[in-house]
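Just below is one structure, and these are the notes that go with it.
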Amino acid sequence: MARKFSLAYLTIPGVKPVDQIKIAKEAGYDFVSLRTIPMHLPGEPEFLPQKDPKLFNDIKEALKEYDMPLMDIELARIRPDLDINEYEPAFEAAAKLGATDVLGSVWTRDRKWYTDTAGKVADMAKKFGLKFNIEFLPWAGVRNLQEDITLIDDLRRDNVFVMVDTLHAGRAGVTGDELARTPRKYFNFIHLCDGPAGPDGDPVLDNIKDDLMLFTAREGRMYPGEGVMKIADMVKALPGLPLSIELPNLKEIEARGGAGHAKRCLEVAKKYFADNGVE
């Protein structure tokens with residue numbers, strides 16, 4: 001069966017949900033992934049259907065009009081300064097819109113606290129029939145595959161999964177062989193993109209590793225096959241999983257426009273997989 005692709009919010013950041021749904025449909029995606037839990041970043045617009053009935057209805061109508069299922073919402077972060085109770089109305093609205101998944105991440109090294117808190121978020125998600133997918137990032141609280149698996153094991157819940165982002169996994173030293181050895185039960189979907197070797201980024205930034213990693217993650221990801229991540233090996237190791245393309249690249253967006261960049265992401269990904277024998 002052919003892989004299914006979703007268009008993640010961060011690929012064309014700042015685009016309104018209805019426009020993102022339309023772009024996803026016209027570019028040939030199978031799903032869309034929306035950011036309805038904001039990160040409160042400088043200049044980031046907030047699209048909150050759980051607080052805006054008109055926006056909720058507009059999204060609902062657009063999903064129906066374009067026959068574009070909503071796969072997941074983001075970003076349910078586990079962080080001491082954030083109130084996880086604010087996630088519940090977002091989960092409820094997402095479920096009403098047909099979402100199946102929530103994306104989250106951990107931003108503290110206090111293992112006991114983040115395990116307890118992640119359990120509460122997972123239980124909250126389950127109330128609405130949602131799966132909770134926890135992403136590992138090399139500079140976050142849960143930093144690699146093994147730490148993520150340990151968290152999943154500790155939680156002992158049937159709706160919690162590891163979320164593999166090919167950029168972060170590559171940076172964390174994860175290999176296709178390691179993923180292939182890991183029981184399939186841990187995985188649910190993949191974030192897809194490529195990236196440069198090491199914490200490369202914009203040279204005008206200070207030469208600080210975390211800042212450069214963050215720059216690449218938010219603004220400078222690359223089309224599959226144009227960086228150094230072993231994407232084919234990682235994706236082959238996880239057969240059948242949906243691929244959510246999360247590929248922010250401000251230069252490409254400026255050159256192609258949001259719709260053009262989103263379409264290019266999908267075209268390059270499909271050609272890359274065909275060239276590398278990935279099903």
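The values are calculated or read from the model by the stated rules, or taken from the named source; none is laboratory data. Just so you know, these numbers come straight off a predicted model, no measurement behind them. A quick note on method: Cβ atoms are made from the backbone with ideal geometry, for glycine too, and the neighbour counts reach across all protein chains shown. In case anyone asks, the SASA skips ligands and DNA or RNA and just uses the protein heavy atoms, side chains included. Shrake-Rupley method; radii C 1.70, N 1.55, O 1.52, S 1.80 Å.
Rundown of residues vs (1) in contact with a Pro (Cβ under 6 Å, 6 or more places away or on another chain); (2) among the aromatic types (Phe, Trp, Tyr); (3) modelled with pLDDT under 95; (4) open to solvent by 50 Å² or more (accessible area, probe 1.4 Å), yes/no style:
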position: Lys4; (1), (2), (3), (4): yes, no, no, yes
position: Ala8; (1), (2), (3), (4): no, no, no, no
position: Val32; (1), (2), (3), (4): no, no, no, no
position: Phe47; (1), (2), (3), (4): yes, yes, no, no
position: Lys54; (1), (2), (3), (4): no, no, no, yes
position: Asn57; (1), (2), (3), (4): no, no, no, yes
position: Asp67; (1), (2), (3), (4): no, no, no, yes
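Write out, first by first residue and then by second, each pair whose Cβ atoms fall under 8 Å of each other, whose residues are 6+ apart or on separate chains, and whose first residue, in segment 251-279, is within 17 Å of Ala217 (Cα to Cα) and open to solvent by less than 30 Å² (accessible area, probe 1.4 Å) while the second is at pLDDT below 95 and part of a helix (DSSP H, G or I).
none
Can you tell me how many residues in segment 153-198 are touching a helix residue (DSSP H, G or I) at 6+ places or on another chain (Cβ under 6 Å), more than 19 Å from Ile73 (Cβ to Cβ) and of a type in the set (Val, Ile, Thr)?
Here the count works out to 2.
Identify, by number, the condition in (1) closer than 22 Å to Thr11 by Cβ; (2) outside any helix (DSSP H, G or I); (3) not polar (S, T, N, Q) that Gly170 doesn't meet.
Gly170 satisfies all of (1) closer than 22 Å to Thr11 by Cβ; (2) outside any helix (DSSP H, G or I); (3) not polar (S, T, N, Q) except (2).
What pairs come out if I take residues in segment 19-44 that are closer than 17 Å to Leu75 by Cα and pair them with residues that are assigned to a helix (DSSP H, G or I) and of a type in the set (Asp, Glu) whose C-beta lies under 9 Å away, six or more apart or interchain?
Ile37/Glu86
Are any of the residues in segment 106-119 among the small types (Gly, Ala, Ser) and within 12 Å of Asn159 (Cβ to Cβ)? Outline the logic, then answer.
Kept after step one, since they are among the small types (Gly, Ala, Ser), are these residues of segment 106-119: 118-119.
Still in the list and also within 12 Å of Asn159 (Cβ to Cβ): 118-119.
Yes, segment 106-119 contains at least one residue that is among the small types (Gly, Ala, Ser) and within 12 Å of Asn159 (Cβ to Cβ).
Could you please find all residues in segment 150-161 being crowded, with 17+ Cβ neighbours inside 10 Å and assigned to a helix (DSSP H, G or I)? Lay out the reasoning, then the answer.
First, the residues of segment 150-161 that are crowded, with 17+ Cβ neighbours inside 10 Å: 151-152, 155, 159-161.
Answer for segment 150-161, where residues must be crowded, with 17+ Cβ neighbours inside 10 Å and assigned to a helix (DSSP H, G or I): Leu151, Ile152, Leu155.
Can we say Ile78 is over 21 Å from Asp123 (Cβ atoms) and of a type in the set (Val, Ile, Thr)?
On the way: over 21 Å from Asp123 (Cβ atoms): no; of a type in the set (Val, Ile, Thr): yes.
For Ile78, the condition - over 21 Å from Asp123 (Cβ atoms) and of a type in the set (Val, Ile, Thr) - is not met.
Of the numbered conditions (1) in contact with a Pro (Cβ under 6 Å, 6 or more places away or on another chain); (2) assigned to a helix (DSSP H, G or I); (3) open to solvent by 40 Å² or more (accessible area, probe 1.4 Å), Asp19 satisfies every one except a single condition; which is it?
All conditions pass for Asp19, except number (1).
Which members of segment 136-149 meet the condition of being under 26 Å from Ala95 (Cα atoms) and either open to solvent by 50 Å² or more (accessible area, probe 1.4 Å) or touching a His at 6+ places or on another chain (Cβ under 7 Å) (or both)?
Correct list: Phe136 only.
Quick one: Leu243 ticks every box in (1) in contact with a Leu (Cβ under 6 Å, 6 or more places away or on another chain); (2) open to solvent by less than 50 Å² (accessible area, probe 1.4 Å); (3) at pLDDT below 95 except a single one, so which number is it?
Status for Leu243: all satisfied but (3).
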